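Engineer: Supplied in structure tokens, the structure appears directly below.
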Amino acid sequence: MLNPASRTTAALLAAGLCAAAFAGDYYVLTAPSHDGIGKSYMGREIAQVMGHEGAQWLERASREQEESTNKLVGLLGLSPTDVVADVGAGTGYFSFRMSKAVTRGRVYAEDIQPEMLAIIKERQKKGEGPNVVTVLGTITDPKLPADSLDLILLVDAYHEFSFPREMGEAMVRALKPSGRIALVEYRGEDSSIPIKDLHKMTEAQARKEMAALGLTWQRTNESLPWQHVMLFRKGS
């Protein structure tokens, strides 16, 4: 993902609008706090993003021990024929894991950084994830096909979206009528989790923001050491 200031500036220039226009219905602009971008949504300041320079952190050897990542895909209730998306896929850490669960389906690995998608493509050249399709999105639209997805997975990414409302609405459009969003975030309620505060979310905040998109909360699984796994369904 791009530097947060670059992401926001690029979007404003492309739209030909001033920053004040984005403080209307959804956003409040303030001086940025530590690790924040100075832009709040529904009472939550948006966190600074991690660029492709941090790719090695996503693939760190300690990640499985810290986060029990091998458990996550099994908590999603996937079927072999499902069509799914990994939004903010980064290096494809979970894209390739989901590809093994949807063997007759498809995984869209979406990111706004070409450098991250290049890493995924290099892994595919070595034979990984034949059913993985890379997608270059934007900060307001993941560019996923409409009405096509059984599930969208977001792992520690949503809290960094500089336009969460626009991204959320675009993701809902990409879901099938009964499609689901799996929102995985470090637990903001737990101060012992060694993650910066703005890079965590409470369940209450997450449910509030997903409800604003018209999504219905299904359940929250707390079996991972550090993260909520929150499942939301399109429609009632």
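Yes/no matrix, rows are residues, columns are (1) more than 28 Å from Glu66 (Cβ to Cβ); (2) under 12 Å from the mean Cα position of the chain (by Cα); (3) among the acidic types (Asp, Glu); (4) in a loop (DSSP other than H, G, I, E, B):
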position: Leu117; (1), (2), (3), (4): no, no, no, no
position: Arg123; (1), (2), (3), (4): no, no, no, no
position: Pro130; (1), (2), (3), (4): yes, no, no, yes
position: Val133; (1), (2), (3), (4): yes, no, no, no
position: Ala146; (1), (2), (3), (4): yes, no, no, yes
position: Pro177; (1), (2), (3), (4): yes, no, no, no
position: Ala182; (1), (2), (3), (4): no, yes, no, no
position: Glu189; (1), (2), (3), (4): no, no, yes, yes
position: Ile193; (1), (2), (3), (4): no, no, no, yes
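Engineer: Look through Leu144, Leu183, Leu149 and report the one residue that is touching a residue at least 40 places away in the same chain (Cβ under 8 Å), at negative phi, surrounded by fewer than 23 Cβ atoms within 10 Å (Cβ to Cβ) and touching a helix residue (DSSP H, G or I) at 6+ places or on another chain (Cβ under 6 Å).
Structural biologist: Sole residue among the options that is touching a residue at least 40 places away in the same chain (Cβ under 8 Å), at negative phi, surrounded by fewer than 23 Cβ atoms within 10 Å (Cβ to Cβ) and touching a helix residue (DSSP H, G or I) at 6+ places or on another chain (Cβ under 6 Å): Leu144.
Matching residues to (1) touching a Pro at 6+ places or on another chain (Cβ under 9 Å); (2) at pLDDT below 95; (3) surrounded by 20 or more Cβ atoms within 10 Å (Cβ to Cβ):
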{"residue": "Cys18", "(1), (2), (3)": "no, yes, no"}
{"residue": "Phe22", "(1), (2), (3)": "no, yes, yes"}
{"residue": "Met42", "(1), (2), (3)": "yes, no, no"}
{"residue": "Ile46", "(1), (2), (3)": "yes, no, yes"}
{"residue": "Arg60", "(1), (2), (3)": "no, yes, no"}
{"residue": "Glu67", "(1), (2), (3)": "yes, yes, no"}
{"residue": "Gly77", "(1), (2), (3)": "no, no, no"}
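Engineer: Only one of (1) touching a Pro at 6+ places or on another chain (Cβ under 6 Å); (2) in a helix (DSSP H, G or I); (3) not acidic (Asp, Glu) fails for Arg104. Which number is that?
Structural biologist: (2)
Residues checked against (1) basic (Lys, Arg); (2) within 21 Å of Asn221 (Cβ to Cβ); (3) touching an Asp or Glu at 6+ places or on another chain (Cβ under 8 Å):
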{"residue": "Ser79", "(1), (2), (3)": "no, yes, yes"}
{"residue": "Val83", "(1), (2), (3)": "no, no, yes"}
{"residue": "Tyr108", "(1), (2), (3)": "no, no, yes"}
{"residue": "Gln113", "(1), (2), (3)": "no, no, no"}
{"residue": "Lys143", "(1), (2), (3)": "yes, no, yes"}
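Engineer: Out of (1) crowded, with 22+ Cβ neighbours inside 10 Å; (2) modelled with pLDDT under 95; (3) not polar (S, T, N, Q), the odd one out for Arg123 is which?
Structural biologist: Against the list (1) crowded, with 22+ Cβ neighbours inside 10 Å; (2) modelled with pLDDT under 95; (3) not polar (S, T, N, Q), Arg123 comes up short only on (1).
Engineer: Among the numbered criteria (1) surrounded by fewer than 19 Cβ atoms within 10 Å (Cβ to Cβ); (2) more than 21 Å from Gly168 (Cα to Cα); (3) without any contact (Cβ under 8 Å) to a residue 60 or more places away in the chain, which single criterion is violated by Glu115?
Structural biologist: Glu115 satisfies every listed condition except (3).
Conditions tested, residue by residue: (1) touching a Lys or Arg at 6+ places or on another chain (Cβ under 7 Å); (2) surrounded by 18 or more Cβ atoms within 10 Å (Cβ to Cβ); (3) in contact (Cβ under 8 Å) with a residue 40 or more places away in the chain.
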site: Leu154; (1), (2), (3): no, yes, yes
site: Phe163; (1), (2), (3): no, yes, yes
site: Glu189; (1), (2), (3): no, no, no
site: Pro194; (1), (2), (3): no, no, no
site: Leu215; (1), (2), (3): yes, yes, yes
site: Leu231; (1), (2), (3): yes, yes, yes
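Engineer: Criterion first (small (Gly, Ala, Ser), assigned to a loop (DSSP other than H, G, I, E, B) and out of contact with any helix residue (DSSP H, G or I) (no Cβ under 7 Å at 6 or more places or on another chain)) does Gly77 satisfy it? Before you say what the answer is, go through the steps one by one.
Structural biologist: On the way: small (Gly, Ala, Ser): yes; assigned to a loop (DSSP other than H, G, I, E, B): yes; out of contact with any helix residue (DSSP H, G or I) (no Cβ under 7 Å at 6 or more places or on another chain): yes.
Judged against the criteria, Gly77 is a match.
Engineer: Output the residue which, of all residues in the stretch 195-219 that are β-branched (Val, Ile, Thr) and in a loop (DSSP other than H, G, I, E, B), is nearest to Thr69 (Cα to Cα).
Structural biologist: Selected residue: Ile195.
Engineer: Does any residue of the stretch 84-101 turn out to be modelled with pLDDT of 95 or more, part of a loop (DSSP other than H, G, I, E, B), over 13 Å from the mean Cα position of the chain (by Cα) and surrounded by fewer than 22 Cβ atoms within 10 Å (Cβ to Cβ)?
Structural biologist: Yes, some residue in the stretch 84-101 is modelled with pLDDT of 95 or more, part of a loop (DSSP other than H, G, I, E, B), over 13 Å from the mean Cα position of the chain (by Cα) and surrounded by fewer than 22 Cβ atoms within 10 Å (Cβ to Cβ).
Engineer: Report whether or not Ala109 is of a type in the set (Gly, Ala, Ser) and in contact with a Gly (Cβ under 7 Å, 6 or more places away or on another chain).
Structural biologist: So Ala109 fits the description; yes.
The values are calculated or read from the model by the stated rules, or taken from the named source; none is laboratory data. Quick caveat, the model's predicted, so the values are computed rather than measured. Neighbour counts are summed over all protein chains in view; Cβ atoms, including those assigned to glycine, are modelled from backbone coordinates with ideal geometry.
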